[in-house]
Amino acid sequence: MQAWRIVAQACDGLGLKVAWSAVKVRLRHVPAMESMAGGSGCIGLARNCWADRWIDGGVTVLYGLPPALCVSTLPHEAGHVWCHTNGLRNGTRAEIEGFCNVVGCLVLKQLFPDLKPQLCVDAMFASTDPIYGDGFRSEWALLQKSSWAEYRDRKHSLWAE
């Protein structure tokens with residue numbers, strides 16, 4: 001999937017080093033995806049462990065999404081791949097989802113500077129969800145207090161098993 005390669009390259013540029021080409025990315029019709037994600041309106045899943053249960057061994061994005069929504073989901077899921085690959089599981093769910101939304105925001109701004117990814121970013125800031133919205137705003141505030149590299153490395157040291 002060409003979109004995944006582009007997102008992976010952008011993540012690499014952020015210092016999120018993973019063997020991106022080895023990550024399986026699938027588009028699937030998965031009716032149970034939302035219930036597996038705790039009813040959060042899930043449209044993508046990455047290899048992750050919630051409640052000590054492995055959910056997936058790659059990245060799965062719901063089949064049939066509008067292309068822009070599919071592409072905007074991939075950077076968030078790449079954040080999960082990076083966390084999992086590095087054994088970063090000690091953050092709260094809001095912290096980890098917030099971090100992945102920060103990754104998504106930074107990648108979208110990098111990939112689409114002229115296309116105004118602001119709609120997606122605005123939606124992240126406006127979300128009333130306590131995990132995805134509050135978590136994102138809290139993590140974004142932490143990022144604003146330091147550089148991206150300092151923020152990323154601090155998360156790495158705090159969440160490592």
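The values are calculated or read from the model by the stated rules, or taken from the named source; none is laboratory data. All values derive from a computational prediction rather than experimental measurement. For neighbour counting, all protein chains shown are included, and Cβ atoms are generated from backbone atoms with ideal geometry for every residue, glycine included. With ligands, DNA and RNA removed, areas are computed over all heavy atoms of the protein, side chains included. Shrake-Rupley method; radii C 1.70, N 1.55, O 1.52, S 1.80 Å.
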All conditions in (1) at pLDDT 95 or above; (2) open to solvent by less than 40 Å² (accessible area, probe 1.4 Å) are true of LEU108 except (1)
A careful count of residues in the stretch 132-142 that are touching a residue at least 12 places away in the same chain (Cβ under 8 Å) and more than 21 Å from GLY87 (Cβ to Cβ) gives 6
Checked against (1) open to solvent by less than 30 Å² (accessible area, probe 1.4 Å); (2) modelled with pLDDT of 75 or more; (3) within 15 Å of VAL18 (Cα to Cα), ALA46 satisfies every condition except (2)
For the stretch 143-161, the count of residues that are free of Cβ contacts under 8 Å to residues at least 60 places away in the same chain and either within 13 Å of CYS100 (Cβ to Cβ) or crowded, with 17+ Cβ neighbours inside 10 Å (or both) equals 2
Within the stretch 67-94, residues over 8 Å from the mean Cα position of the chain (by Cα), under 23 Å from THR128 (Cα atoms) and free of Cβ contacts under 8 Å to residues at least 60 places away in the same chain come out as ALA68, LEU69, SER72, THR92, ARG93, ALA94
For the structure I just gave you, tell me whether GLY87 is at pLDDT below 85, open to solvent by less than 70 Å² (accessible area, probe 1.4 Å), closer than 17 Å to VAL23 by Cα and in contact with a helix residue (DSSP H, G or I) (Cβ under 9 Å, 6 or more places away or on another chain). yes
